[in-house]
Amino acid sequence: MGLSKEGIKAGLDHAAALEPRLAAAIETSGYPEPRIRPEGYETLLRTIVGQQVSVASAAAVWTRLEARLGDGCPPEALIATEFDELRACGLSRQKQGYARSLAELILSGSVDLENLPEDDEEAIALLTRIRGIGRWSAEIYLLFAQGRPDIWPAGDLAIQVGVGNFLDLPERPSEKELRDIAESWSPHRGAVAIFTWHHYHVMVM
């Protein structure tokens, strides 16, 4: 499961000892709550269902899918369901392609979510073999579902804005710049990422 509250605090304290501006931001915004999702197929399928729609719309589609396919939308049931039936649940042609890709890889054993590579980059490469799962989605899965402590979603806009804010940078850093900035926070970049989302939301409230 994802990083615990204690793990996040320990990681942040380690990184903050290296970066006084991060320490000041923690003092202002406080420590974040954990972000934890279940491991496995269902979480990745929910990620696909929720792409480019509101939280409420994604929840409505998921409810209809479970009513049709059963709890957790098992991959066997998804593969066996016709296009029009899935479309009636709110799943577009593109998302059906993504969902079927996930289900097929799970059923064939090509992607074993219980035995992903220990190396983060290798795990990301494997997850992105699933259509519709890009680097960001893979990183979010590894951070929130597996609790990998050094995941750093540098392409995330809120993280770019949040880090730019607490480091008082003149411009929002690019993904590459953000990876360079965070190098010294390894192996606790996951805790800093979770804090940065929290800090971003405090900023915009």
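The values are calculated or read from the model by the stated rules, or taken from the named source; none is laboratory data. All values reported here derive from a predicted model rather than from experimental measurement. Positions of Cβ are backbone-derived with ideal geometry, glycine not excepted, and every protein chain shown enters the neighbour counts. These accessible areas exclude ligands, DNA and RNA; they are computed on the full protein's heavy atoms, side chains included. Shrake-Rupley method; radii C 1.70, N 1.55, O 1.52, S 1.80 Å.
Values as computed for the structure displayed
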| item | result |
| --- | --- |
| Residue satisfying all of: in the range 78-99; open to solvent by less than 30 Å² (accessible area, probe 1.4 Å) and small (G, A, S); farthest from V61 (Cα to Cα) among these | G97 |
| Residues being within 24 Å of the chain's Cα centre (by Cα), of a type in the set (A, V, I, L, M, F, W, C), closer than 20 Å to P38 by Cβ and in a helix (DSSP H, G or I) - total across the range 51-94 | 7 |
| Checklist (1) open to solvent by less than 20 Å² (accessible area, probe 1.4 Å); (2) part of a loop (DSSP other than H, G, I, E, B); (3) in contact with an Asp or Glu (Cβ under 8 Å, 6 or more places away or on another chain) applied to V111, failing item | (3) |
| Scope the range 6-61; condition touching an Asp or Glu at 6+ places or on another chain (Cβ under 8 Å) and farther than 24 Å from G164 by Cβ; matching residues | E39, G40 |
| Positions within the range 135-182 being open to solvent by 40 Å² or more (accessible area, probe 1.4 Å) and among the acidic types (D, E), in sequence order | D168, E171, E175, E177, D180 |
| Hey, L45 within 28 Å of H201 (Cα to Cα) and aliphatic (A, V, I, L, M) or not | yes |
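Residue by residue, here is whether (1) open to solvent by less than 70 Å² (accessible area, probe 1.4 Å); (2) in contact with a helix residue (DSSP H, G or I) (Cβ under 9 Å, 6 or more places away or on another chain) holds:
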| residue | (1), (2) |
| --- | --- |
| L12 | yes, yes |
| A17 | no, yes |
| I26 | yes, yes |
| I48 | yes, yes |
| V55 | no, no |
